[in-house]
Amino acid sequence: MRIEAGYRLMLICGLLPAVLIGAVLLRSFNPVAPAHQSPVRKVSRDVKTSEHAKPVIKREPAPKWPDESGSKKESGAAVVPATEAKTLREQAVASWENQIDDVIAYADVPAKESSWLIKAAFDKLYKDDQFDGIHYGLNLLPDEQFPGLYGILYDKNEDPEVLDAIFSDALNRSEEIKMTVLKSLRKDREHPMFFESSRILDVIETEEEKMTRK
Amino acid sequence: MKTRIHSMRELFINLSKRIAAFAIVLQFVFFCASAQGQGAYIDSITGVAFEMSLPAAFADAAKVAVKGLPAGLKYNALTRKITGVPTKSGIFNVVISATGVPAQTLTMNTAALPVWAYGEFNGYLEGGGAASMTVSAQGKISGKLASGGNNYTFSTTAYASGSSPESGFAFTVNASAGKALPPLPLALLVSQAASPSIQTLGLADGQLGSDATPVKLYRNVWKETDAALNPIGYYTATLTGAQGYGSGYLTFTVTDKGRIKTAGNLADGTAVSLSGTLILDDTGRVFTVIYTSPAAYNGGCLFGLVEFVTPDGGGKMFLRILDGGAFLWKNLNPLATAEYASGFLREPVLSGGWYNTMINLRDYYENGLTVGGVEAPPALQMTVRYIDYNYASEAENPPRISWTEVTDVADAGVSPNGLGLSVTPATGSGTGLTAPMAQTPAKMFDPDTKEFLGYNYDLDNPTGLTLKLTRTTGIFKGTFNSYYDYVSVDDWTTGKQTTGHVVKKSSYQGALTPEREDKGDGMAGRGFYLTPGKSEYQNLQGKLIKYTYNQSYDFIILQ
């Protein structure tokens, strides 16, 4: 028993200093770093972009674990703790994108019915995410589902930049969408897009159409 | 025994010392090894797909755990790789551990996507088409392409693995146009403009489809750019007519965010409206893409790149087609012209510039304007009745017979050309244009014989031209008459002729372009008027099908 106790004592006496020495060594370990060599893959263009040539992506193998000569990159940045959970802001963006994806996937759902869902998801976005968010929807929604955005477009309290983005996009869509939007917005003098709608209609409407309206 | 026990104790003490010393060495080696892992760095970029295998030491390890990864990256136990798209920049300590294998730590440096690689991009497809794309700071990409009357959309979660600021950010994706059309492969590479006038200018270059249609997009930099470069304001332009068609016109509204709304009428009567973005290219030129494909054009389009140019020595901006050349105006509708199924392909030149919605017309047109260059309308097909004796009859007094023939009748040659237009009101700021009072041509008779001599067209405004200028848009509209005088009944038995007089009212429209590249050209404004044309074609069953189309003619206002 005494022998085992002595052994334990010796082992502890050996390990403790070892840990301490190791820790000190680790703290002070700062090998002379060779020029940093990023293990990030290389992409190359074979030809100049101005020649409209097809960009060729040369993929090297996935990055490997750095070898022992892996160097330390000088950086004054503090280490960022990993953030596994999505923030509320990120959740709102994900929810918005999912909503748009759902509307596209379930194309048989009338746009009018999805409109309030889209608006609810949009209004949950942080202001700074709304512009990117609306472009995500505008880029992906087909003409058939575009009326799903009317809830946002006709709400004049939304960010004018967002309203302009939707309005602008409508102008590049089918005549039916374009004219519906233009004529609806012309009815609301307080809407940020009223002036542009009126101006465009003033240019493209025939005299007969103008007379009929009066 | 005691000695032996004593010896054994010494032996154990010795052994313990050795073990302890060995442990110290082992610990040292272990920590040195750990230190080497601690010093290892891996680079990644937010928004760029990332994939990395585990260190060799973990190749066959069980219960691998990876902790501390940046948001967007995950360890996939099946592939034994770390994959994903980092969504946050920073430096992350990633610890990899497994049963029976010493834990290893690496430092992952996740750089932010360069500003020029994300944001809003706008551009065009060579040969006719518009392109737009949005890239989030996290690398999520969505966009759309319009060409040939079809709209394609595309999206992907990140730039391709291997992208970097030095070599560019690339991705390939299938652009989809719904179920009706097969998807088209799209490959784009976003790079920083080679000689950027603005550091945040990104250029996306690539190709679409199997025919490798070149696609080019530029990042929208107007939020970060000197406002002086932005040609905020209103513009008018005409698409110059040529033989066989008149001049269309466009109006542009440019906002401080670089957004452009365009509206106008093409010279076949097709109203167009569209939106776009002001593009600042890598050589400092400012232009916008005009692309619209009216449904009636069956995949045809109006396409051109309009450059906003500050004149040498300053002054109001004028518009011209980027790199010279012409617009593409293509209609694939088989009923577009008299020749069935031929459609049309026209290449009008653009002329115009800045327009003041509160314009004082007197500043530009103090001496008034003149209508000119109005093409003569086409001949009308009129039915003429002829009367004669039936000489085939064997009767002593042959009976009279009549028949009709369709004859082309040219217009009477009375045109609005040369008609003077005055700025109104007569004094002060000029807000409108007016033509002389319209007069109706009256019949003229010989005072002695009372014989009908024809119509009196010797009037100030014989065509009865009316004009209305909308000052805020620069668009003018109005009507004028064309006259067709012809013999409608020709009685050969008596020599008596009955005269027909047909009045055709035509509507014209156009735009004033007070600012343009060549103000010495005398073209204050241009437009068009239409007349209905008739034609026919034979269908597959051999039946003749009649249809109407618009014939287009120029209408010019001279300075």
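Residues that are of a type in the set (Phe, Trp, Tyr) and in a strand (DSSP E or B) were ranked within region B:465-522; the one that is farthest from the other protein chains (Cβ to nearest Cβ) is B:TYR486. Residues of region B:386-413 being surrounded by 11 or more Cβ atoms within 10 Å (Cβ to Cβ) and under 25 Å from B:ASN481 (Cβ atoms), which ones? Residues satisfying the conditions are B:THR407, B:VAL409, B:ALA410, B:ASP411, B:ALA412. Reported count of residues in region B:107-124, each being hydrophobic (A, V, I, L, M, F, W, C), surrounded by fewer than 23 Cβ atoms within 10 Å (Cβ to Cβ) and part of a strand (DSSP E or B), is 1.
Among the residues of region B:182-190, are any in contact (Cβ under 8 Å) with a residue 24 or more places away in the chain, over 30 Å from A:GLN145 (Cβ atoms) and not assigned by TED's automatic domain parsing to the domain that holds B:ALA49? Taking every residue of region B:182-190 in turn, none turns out to be in contact (Cβ under 8 Å) with a residue 24 or more places away in the chain, over 30 Å from A:GLN145 (Cβ atoms) and not assigned by TED's automatic domain parsing to the domain that holds B:ALA49. Condition test on B:PHE555, is it surrounded by 15 or more Cβ atoms within 10 Å (Cβ to Cβ) and within 14 Å of chain A (Cβ to nearest Cβ)? Spelling it out, it is not the case that B:PHE555 is surrounded by 15 or more Cβ atoms within 10 Å (Cβ to Cβ) and within 14 Å of chain A (Cβ to nearest Cβ).
Across region B:170-179, the qualifying residues are those that are more than 8 Å from every other protein chain (Cβ to nearest Cβ) and either touching a strand residue (DSSP E or B) at 6+ places or on another chain (Cβ under 7 Å) or in a strand (DSSP E or B) (or both), and the one among them that is surrounded by the most Cβ atoms within 10 Å (Cβ to Cβ) is B:PHE171. Of all residues in region A:130-141, none are exposed (fewer than 14 other Cβ atoms within 10 Å of the Cβ), closer than 25 Å to B:GLU120 by Cβ and within 14 Å of chain B (Cβ to nearest Cβ). Scanning region B:424-434 for residues that are surrounded by fewer than 17 Cβ atoms within 10 Å (Cβ to Cβ) and part of a loop (DSSP other than H, G, I, E, B) yields B:PRO425, B:ALA426, B:THR427, B:GLY428, B:SER429, B:THR431.
If I ask for residues that are over 21 Å from B:VAL309 (Cβ atoms), crowded, with 23+ Cβ neighbours inside 10 Å and not charged (D, E, K, R), which ones from region B:248-271 would you list? If the condition is that a residue be over 21 Å from B:VAL309 (Cβ atoms), crowded, with 23+ Cβ neighbours inside 10 Å and not charged (D, E, K, R), then B:ALA263, B:ASN265, B:LEU266, B:ALA267 are the ones that fit. Within region B:333-359, being under 19 Å from the mean Cα position of the chain (by Cα) and surrounded by fewer than 17 Cβ atoms within 10 Å (Cβ to Cβ) holds for B:LEU345, B:GLU347. Out of B:THR225, B:THR255, B:THR238, B:THR262, one residue alone is touching a Gly at 6+ places or on another chain (Cβ under 9 Å) and either on the phi > 0 side of the Ramachandran plot or within 12 Å of another protein chain (Cβ to nearest Cβ) (or both). It is B:THR262. Of the set (1) within 12 Å of chain A (Cβ to nearest Cβ); (2) touching a strand residue (DSSP E or B) at 6+ places or on another chain (Cβ under 7 Å), all apply to B:GLN138 but (2).
Annotation note: of B:MET437, B:MET444, the sole residue that is exposed (fewer than 15 other Cβ atoms within 10 Å of the Cβ), of a type in the set (A, V, I, L, M) and not in a strand (DSSP E or B) is B:MET437.
Total residues in region B:399-426 satisfying the condition of being free of Cβ contacts under 8 Å to residues at least 12 places away in the same chain and in contact with a strand residue (DSSP E or B) (Cβ under 9 Å, 6 or more places away or on another chain): the figure is 3. Being among the acidic types (Asp, Glu) and surrounded by 15 or more Cβ atoms within 10 Å (Cβ to Cβ) is the filter; apply it to region A:164-194 and report the residue that is nearest to B:LEU145 (Cα to Cα). Result: A:ASP169. For region B:55-85, the set of residues classified as more than 11 Å from chain A (Cβ to nearest Cβ) and under 19 Å from B:ALA160 (Cβ atoms) consists of B:ASN76, B:GLY84, B:VAL85, listed by residue number.
Within region A:160-214, can you find the residues that are of a type in the set (Val, Ile, Thr) and farther than 30 Å from B:MET133 by Cβ? Result: A:THR206, A:THR212. Checked across region A:103-121, the condition of being at pLDDT below 95 and within 11 Å of another protein chain (Cβ to nearest Cβ) holds for at least one residue. If you filter region B:280-309 down to residues that are free of Cβ contacts under 8 Å to residues at least 40 places away in the same chain and part of a loop (DSSP other than H, G, I, E, B), you find that the one that is nearest to the other protein chains (Cβ to nearest Cβ) is B:PRO294.
Checked against the criterion of being in the same structural domain as B:SER402 (by TED's automatic domain parsing), over 25 Å from B:ILE475 (Cβ atoms) and not in a strand (DSSP E or B), the candidates B:PRO378, B:PRO334 yield just one match: B:PRO378. A single entry from B:THR277, B:THR213, B:THR236, B:THR255 fulfils the requirement of being in contact (Cβ under 8 Å) with a residue 60 or more places away in the chain and more than 30 Å from B:SER164 (Cβ to Cβ): B:THR236. Scan region B:90-110 for residues that are touching a Pro at 6+ places or on another chain (Cβ under 8 Å) and of a type in the set (Gly, Ala, Ser) and report the count. Here the count works out to 1. When B:PHE303, B:PHE327, B:PHE287 are screened for being under 15 Å from the mean Cα position of the chain (by Cα), closer than 18 Å to B:ASP226 by Cα and buried (at least 17 other Cβ atoms within 10 Å of the Cβ), only B:PHE287 passes. For region B:144-167, the set of residues classified as more than 8 Å from every other protein chain (Cβ to nearest Cβ) and of a type in the set (D, E, K, R) consists of B:GLU166 only.
Remark: B:GLY241 falls outside the filter, which requires a residue to be surrounded by 21 or more Cβ atoms within 10 Å (Cβ to Cβ), farther than 16 Å from B:ARG526 by Cα, touching a Phe, Trp or Tyr at 6+ places or on another chain (Cβ under 7 Å) and not assigned by TED's automatic domain parsing to the domain that holds B:THR200.
The values are calculated or read from the model by the stated rules, or taken from the named source; none is laboratory data. Since this is a predicted model, take the numbers as computed values, not measurements. Every residue, glycine as well, gets a Cβ built from its backbone with ideal geometry; the counts of neighbours run over all protein chains shown.
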